[in-house]
Amino acid sequence: MESSNPHAVIVSSPGVGHLVRDIELGNRLVADHNFRVTFFVVLEDQATVGESQLIQSAKAQKLLDIVQLPPVDLSGQLQPNTPTFTRLTAVMREISETLRSAISALKPTPIALVVDIFGTPVLDVADEFHMLKYVFVSSAWPLALMLYAPILDKEVEGEYVDQKEPIKLPGCMPVRPQDVVSPMMDRTKQEYHSFLQVGSKIRKSDGVLVNTWEDLDAATLNAMRSEEESYGSAPIYAVGPLIRSVGPPASRSQLLDWLDEQPVESVLYIAFGSLGVLSAQQITELASGLELSQQRFIWVLHPPSKKDVSADRGDNALAYLPDGFLERTHNLGLVVTQWAPQSDILRHPSTGGFLSHCGWNSSLESILSGVPIIAWPLYAEQKMNATMLAEEVGVAVRPKVAPTKGVVGREEIEMMVRKVMEGQEGKAMRGRVRELKISGEKALTEGGSSFTAVSQLAKQCVMNSSQR
Ligand code: UDP
């Protein structure tokens with residue numbers, strides 16, 4: 001018998017950052033809006049530690065029907081240095097056939113297909129099954145840039161990064177040329193064309209879900225809704241802030257035990273996401289700046305960028321720290337080289353600051369934990385996120401020179417750490433971030449803006465299914 005619950009399919013592209021928010025979206029659709037969700041996980045290889053933890057805990061929650069598709073290995077077709085945007089859209093294109101047969105086995109045919117930013121190549125499969133098609137993206141401002149990019153492509157001459165003036169987006173904050181997203185850095189590359197294609201596909205979708213909320217991004221969201229000629233006519237749903245929910249603890253990390261022993265808001269957490277790496281010189285400066293600041297810390301350290309990996313030290317991340325650093329700081333902090341329980345660390349009362357690459361999940365996790373940020377953007381849309389957090393929202397400080405442009409020196413690092421952890425500016429940011437935490441949580445509760453947006457989306461799905 002046909003269930004009256006709307007049935008949606010979510011396809012999550014490879015990478016922890018996508019998986020974490022796609023799972024949360026699915027959980028919300030099921031728990032709060034009576035959807036049934038079949039959730040397809042796409043991997044490039046064996047699941048990483050982070051990916052398998054997320055899949056396991058989603059399975060334990062039993063809200064989603066999780067289907068892991070066979071890993072897609074394109075190493076024979078792509079160069080090892082193929083940039084992320086091109087690589088992941090190629091991976092998602094490759095799964096079209098597998099997804100088609102998986103969806104045809106679902107009876108009755110689901111109403112809606114939701115993909116993330118790299119999943120637009122499989123939206124054609126939704127058309128074949130007369131399903132509604134939605135794209136779930138991270139933050140609003142980079143989305144505006146992406147939707148407007150086809151127009152910029154016609155209007156702007158030369159490279160975006162070489163423009164003398166900020167790039168104007170109708171109704172939105174302008175984008176500084178140096179902040180444009182990675183795929184727009186070089187217009188001669190395939191990456192740029194993949195980016196434009198994804199923007200065009202999003203414009204043709206039945207709706208865009210954004211992991212933000214009305215109070216945080218009002219101006220940008222309103223501009224995208226009212227300036228149809230600039231941004232297209234796909235409805236924009238602000239459905240966030242969706243971050244990893246507190247799951248059953250598999251085993252309690254020693255990092256949390258250590259945090260239990262530290263004073264309230266005294267620890268700086270330092271991490272650069274699942275892929276972020278620093279140069280060897282930057283690792284030295286960061287370590288020295290931390291030591292000068294004499295603040296407590298937890299640092300998730302990865303080996304440096306490939307060009308800096310030396311034969312004698314190899315992949316041993318700790319070997320890139322200055323001599324004696326671990327001994328001198330053993331009373332102050334911990335350096336870990338494994339996957340860390342980031343959202344639990346940020347939620348812990350002893351954590352008082354986050355030196356972050358400003359991936360959108362990390363930014364939201366910090367805001368929802370009431371923790372101010374030292375913004376250290378590295379790639380993708382992180383520079384735009386950092387600018388917004390520092391200049392619009394007022395919850396972050398950042399170095400004078402972008403970390404992608406040069407090495408941030410130890411004195412500046414010491415100064416930023418002190419500012420956030422013990423200065424007046426840190427206090428003000430902490431106050432602001434707490435207001436945002438409250439407003440974000442409110443958006444998700446019944447009657448809140450994001451809850452209502454998902455209810456509207458659910459209505460659209462149900463109406464569509466009754467017309468089929
Ligand atoms: N993460 C984690 N432990 C780590 C590194 C990352 O739990 O050691 C999680 C982090 O909490 C976040 C996600 O991985 O939920 C990273 O997403 P984000 O968008 O911040 O960055 P990305 O990795 O996509 O660049």
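A few points about this structure:
- Residues that are farther than 15 Å from Asn211 by Cα and among the aliphatic types (A, V, I, L, M) within segment 436-468 comprise Ile438, Ala458, Val462, Met463, listed in sequence order.
- Selection count where residues are assigned to a helix (DSSP H, G or I) and under 25 Å from the mean Cα position of the chain (by Cα), scope segment 394-441: 19
- Residue that is of a type in the set (Gly, Ala, Ser) and within 20 Å of the chain's Cα centre (by Cα), where the choices are Ala223, Ala140, Ala149: Ala140
- Condition met for Asp73 (in contact with a Pro (Cβ under 6 Å, 6 or more places away or on another chain) and loosely packed, with under 14 Cβ neighbours inside 10 Å): no
- Restricting attention to segment 364-408, the residues being within 14 Å of the ligand (Cβ to nearest atom), β-branched (Val, Ile, Thr) and touching a Gly at 6+ places or on another chain (Cβ under 7 Å) number 2.
- Taken together, Ser466, Ser455, Ser450 contain a single residue that is in contact with a Leu (Cβ under 9 Å, 6 or more places away or on another chain) and either open to solvent by 40 Å² or more (accessible area, probe 1.4 Å) or part of a helix (DSSP H, G or I) (or both), which is Ser450.
- Residue match in segment 17-32 (condition: closer than 20 Å to Glu441 by Cβ, within 16 Å of the ligand (Cβ to nearest atom), in contact with a Lys or Arg (Cβ under 6 Å, 6 or more places away or on another chain) and β-branched (Val, Ile, Thr)): yes
- Segment 329-363, residues that are more than 8 Å from the ligand (Cβ to nearest atom) and part of a helix (DSSP H, G or I): Asp344, Ile345, Arg347
- Residue, farthest from Gln53 (Cα to Cα), within segment 353-379, restricted to residues that are small (Gly, Ala, Ser) and surrounded by fewer than 24 Cβ atoms within 10 Å (Cβ to Cβ): Gly370
- For segment 317-335, the criterion of being closer than 25 Å to Glu51 by Cα and loosely packed, with under 13 Cβ neighbours inside 10 Å is met by none of the residues.
- Qualifying helices (runs of 4 or more DSSP H) (wholly inside segment 170-245; at least 3 residues being surrounded by 17 or more Cβ atoms within 10 Å (Cβ to Cβ)): 190-203, 214-226
- Of all residues in segment 10-23, none satisfies being modelled with pLDDT of 95 or more and either more than 22 Å from the chain's Cα centre (by Cα) or at positive phi (or both).
Each row is one residue, and each column tells you yes or no for (1) at pLDDT below 95; (2) away from the ligand (no atom under 16 Å from the Cβ); (3) outside any strand (DSSP E or B).
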position: Leu259; (1), (2), (3): no, no, yes
position: Ser310; (1), (2), (3): yes, yes, yes
position: Arg313; (1), (2), (3): yes, yes, yes
position: Pro322; (1), (2), (3): no, yes, yes
position: Glu327; (1), (2), (3): no, yes, yes
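- Against the test of being polar (S, T, N, Q) and without any contact (Cβ under 8 Å) to a residue 40 or more places away in the chain, the options Gln282, Gln294 yield a single qualifying residue, Gln294.
- If you go through segment 34-52 and pick out every residue that is surrounded by fewer than 19 Cβ atoms within 10 Å (Cβ to Cβ) and assigned to a helix (DSSP H, G or I), you end up with 3.
- Selection within segment 53-70: residues that are among the hydrophobic types (A, V, I, L, M, F, W, C) and more than 16 Å from the ligand (Cβ to nearest atom). The member of this set that is surrounded by the fewest Cβ atoms within 10 Å (Cβ to Cβ) is Ala60.
The values are calculated or read from the model by the stated rules, or taken from the named source; none is laboratory data. All of these numbers come straight from a predicted model, not from anything done at the bench. Neighbour counts run over all protein chains shown; Cβ positions are idealised from the backbone, glycine included. Ligands, DNA and RNA are excluded from the accessible area calculation, which covers all protein heavy atoms including side chains. Shrake-Rupley method; radii C 1.70, N 1.55, O 1.52, S 1.80 Å.
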